[in-house]
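I have placed the structure first, in the form of structure tokens, so that the comments after it can refer back to it.
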Amino acid sequence: MCLLLGAPGVGKTLLVKRLQQLSSADGKGDLGDAPPTRPTVGTDLTDIVVPRKITIRELGGCMGPIWPSYYGDCHCLLFMMDAANPTQLSASCVQLLGLLSAEGLAEASVLILFNKIDLPCYMTIEEMKSLIRLPDIIACAKQNITTAEISAHKGTGLSEVMHWLQDTHRPDR
């Protein structure tokens, strides 16, 4: 199982829909216009094939207090941050630190996604890494942490996410 977590409004639902589009199109072709989304209330399960099936469990950002109840079967974690919302960055960093210190996620591979790089006001990955002191976080974390800049809206960087999922995800047992 792969968990997809992040604050409300960072683009988790759109990411899942885009990854599903990519997996059904064998990673080729134009994704077209972004599909409509609504905030996730609760949890959504989505299967993606890259080439084997991976189930992504997206938990609504408002469900942060109960995220720990879903850590048990998590092999990999996608954590999304909004690169165009500097006021949300510190709260997202606190969430990330909580996830990385959780015993149930000690063995999970982690991909931190800096989303919304298509917006004119986005912070660069270097700015975000510096602001949240990511090198220090990575040095202290038990997990293997990777980062990626993406635009779920435009589809930028999503093939790298698919490759990461394929390379790091252990088959569900």
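Picking from residues in the range 141-169 that are among the β-branched types (Val, Ile, Thr) and assigned to a helix (DSSP H, G or I), the one that is most open to solvent (accessible area, probe 1.4 Å) is 168.
Which ranges mark the helices (runs of 4 or more DSSP H) fully within the range 70-140 that have 3 or more residues being buried (at least 16 other Cβ atoms within 10 Å of the Cβ) and in contact (Cβ under 8 Å) with a residue 12 or more places away in the chain?
Numbers: elements: 86-101, 125-131, 134-140.
Filter on the range 70-140 gives 86-101, 125-131.
The values are calculated or read from the model by the stated rules, or taken from the named source; none is laboratory data. Just so you know, these numbers come straight off a predicted model, no measurement behind them. Using ideal geometry, Cβ is built from the backbone for each residue, glycine included, and neighbour counts are taken over all protein chains shown. Surface areas here come from the heavy atoms of the whole protein model, side chains and all, with no ligands, DNA or RNA. Shrake-Rupley method; radii C 1.70, N 1.55, O 1.52, S 1.80 Å.
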